[in-house]
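The values are calculated or read from the model by the stated rules, or taken from the named source; none is laboratory data. From a predicted model like this one, the values you see are computed outputs, not experimental measurements. Quick reminder, even Gly has a Cβ in these numbers, built from the backbone with ideal geometry, and neighbours come from all protein chains shown. The protein model used for the area step is the full one, side chains on, heavy atoms only, and it has no ligands, DNA or RNA in it. Shrake-Rupley method; radii C 1.70, N 1.55, O 1.52, S 1.80 Å.
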Amino acid sequence: MALSLKFLVVTIAILALASSPSTASDPSPLQDFCVAVNDSKATVFVNGKVCKDPKLVTADDFFRSGLNKPGNTSNQLGSVVTAVNVNNLPGLNTLGISVARIDFARRGLNPPHTHPRGTEVLVVLKGRLYVGFVLSNPGPNMKNKLLTKILNPGDVFVFPQGLVHFQLNVGKTNAIAFAGLSSQNPGVITIANAVFGSDPPINDNFLAKAFQVDKKVIDHLQEQFWWDNN
């Protein structure tokens, strides 16, 4: 294999860092929300993680092993995402980058999803992937444009922040890809899981009207178990 895992991960991290724009506005939130509170004793979150005393920092705060090991793809989707972000690598705090390994069984897929806080740079290490993303709403009576590509080992594809995207293994073997993301905590919203598997469920009459289908279709979808491959 021409590219070593170490070189690949470093390359992706550099690309993700380069894709992080500088702005003069408020910093982007690093979690779904952070409700203001006047009582300091009730404080739970900050925008990111509370910093460790620099005198107590060690090399292990910036280290994590395991991305050389394949993930378990024995599930309904035939894929698994092994993420390395600020939640399991504390040294990423405030650095604006994270990385993930994605393993695919034959015909395995990473279902339509978005990263609300990060752009994704995907590199295929092994196999053949059909990937794509859908543009935001263009205007009245216009369809959202779909951009797709077949990727082979060494190919790179970018998924812009917040846009719905996906990957499907169309090769004859299992596939491996690595992704760099421009956030220490990019977040994941899997479309089907969020819409049909929320707790509590979204009103089925509302969804039936929104999707313009019979309510029985919605009821059937809400009864399914929506697998999370992250």
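Here is how the numbers come out for the structure above:
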read-out: Positions within the range 190-222 being in a helix (DSSP H, G or I), surrounded by 12 or more Cβ atoms within 10 Å (Cβ to Cβ) and of a type in the set (S, T, N, Q), in sequence order; value: Asn193, Gln222
read-out: Subset of the range 193-230 that is small (Gly, Ala, Ser) and in contact with a helix residue (DSSP H, G or I) (Cβ under 8 Å, 6 or more places away or on another chain) - its residue that is nearest to Ile102 (Cα to Cα); value: Gly197
read-out: Test for Asn169: is it open to solvent by less than 50 Å² (accessible area, probe 1.4 Å) and among the polar types (S, T, N, Q); value: yes
read-out: Residue list for the range 149-163, restricted to those being among the aliphatic types (A, V, I, L, M) and open to solvent by 50 Å² or more (accessible area, probe 1.4 Å); value: Ile150, Val156, Val158
read-out: Meets criteria (farther than 23 Å from Leu221 by Cβ, β-branched (Val, Ile, Thr) and open to solvent by less than 40 Å² (accessible area, probe 1.4 Å)) for Ile176; value: yes
read-out: Selection within the range 63-113 - out of contact with any helix residue (DSSP H, G or I) (no Cβ under 9 Å at 6 or more places or on another chain), without any contact (Cβ under 8 Å) to a residue 60 or more places away in the chain and open to solvent by less than 30 Å² (accessible area, probe 1.4 Å); value: Gly66, Gly71
